[in-house]
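Each remark here refers to the structure printed beneath this line.
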Amino acid sequence: MKLALLADVHANLRALHACVAHARAAGATRFALLGDLVGYGPEPVEVLEQVVALARDGAVVLCGNHDEAACAPPQGERTAEELSSRWTHARLDDTHRAFLADLPLTARVGDALLVHASAHEPQRWEYIDRAPLAQRCLDAAQAHWGARQVFCGHVHEQHLYYRGADGRLADFQPVPGVALPIAAHRSWLAVVGSVGQPRDGDTRAMYALLDAEHGRLAFHRVPYDVAGTAAAIRAAGLPEAFAQRLERGR
């Protein structure tokens, strides 16, 4: 099985199409979407229709914090993110909202745990952006799910944390397109990055591809029509900062 892991699509249909096409060309036989399907981007309905189609074909789909906010947006528009959740909520019909509301926070695929943020209290949406938080996530995955491997998103960057033979946790920065050997008996956590809103200074979309049969994991970067999505954000009347973030990749 080759499992394509996509997170943080953020209503960016062009980026989603690019990553799905790239994954299929690379031999992906199944997809997992690790939450934040909507929010920030201009195409929540179109993205959800694509995700529903993938789910019908067996894709695993999880809930993220922006999906939760789109179902029950906070009152008022104090921040750009809150404005985005209200804008998204208004464009979704009851079927879309029900789909998002029913999404789980976690799922098991083989020996791995899938989660949007962290296995440590998934509902709190903790960012895994340093080794101690990765350690806490791995400990929780082992304690509560019996899982030694974790895939997550939420951070909008790509990282691999793994325990070495000495038991210490190391942080590895993957090189796009280079498959890494991952031993099934090792404990590791892969942060797969963001499809629809990268934040590492590179505008290309991100996803990861797991080849479970051969024990290989590749982190990919995929070009897409950034200008088209930025123009759609502006045309929708969403905050200018959302378009600029795509154009800068951060």
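The values are calculated or read from the model by the stated rules, or taken from the named source; none is laboratory data. Keep in mind that what you see is a predicted model, and the values were worked out from it rather than measured. Note that we place each Cβ from the backbone using ideal geometry, even for glycine, and neighbour counts take in every protein chain shown. Remember, those area values only see protein heavy atoms, side chains included, never the ligands or the DNA or RNA. Shrake-Rupley method; radii C 1.70, N 1.55, O 1.52, S 1.80 Å.
Structure notes:
- On the stretch given as region 46-84, residues that are in contact (Cβ under 8 Å) with a residue 40 or more places away in the chain, open to solvent by 10 Å² or more (accessible area, probe 1.4 Å) and assigned to a helix (DSSP H, G or I) total 6.
- Screening region 7-28 for residues that are out of contact with any Gly (no Cβ under 9 Å at 6 or more places or on another chain) and assigned to a loop (DSSP other than H, G, I, E, B) and picking the one that is nearest to LEU113 (Cα to Cα) gives ALA28.
- In the set ALA179, ALA143, ALA147, ALA134, only one residue is open to solvent by 20 Å² or more (accessible area, probe 1.4 Å), under 22 Å from ALA218 (Cα atoms) and small (Gly, Ala, Ser); that residue is ALA179.
- Pair list, Cβ under 6 Å, 6 or more apart: region 211-224 residue in contact (Cβ under 8 Å) with a residue 40 or more places away in the chain and acidic (Asp, Glu), other residue in a strand (DSSP E or B) and open to solvent by 30 Å² or more (accessible area, probe 1.4 Å): ASP211/LYS2
- Residue list for region 29-45, restricted to those being open to solvent by 10 Å² or more (accessible area, probe 1.4 Å) and either of a type in the set (Gly, Ala, Ser) or in a loop (DSSP other than H, G, I, E, B) (or both): THR29, TYR40, PRO42, GLU43
- Screening region 85-98 for residues that are aliphatic (A, V, I, L, M) and more than 13 Å from LEU238 (Cβ to Cβ) and picking the one that is least open to solvent (accessible area, probe 1.4 Å) gives LEU92.
- Residue list for region 108-130, filter: touching a residue at least 60 places away in the same chain (Cβ under 8 Å) and surrounded by fewer than 17 Cβ atoms within 10 Å (Cβ to Cβ): GLY110, ASP111
- Residue in region 155-174 that is on the phi < 0 side of the Ramachandran plot, open to solvent by less than 30 Å² (accessible area, probe 1.4 Å) and in contact with a His (Cβ under 7 Å, 6 or more places away or on another chain) present: no
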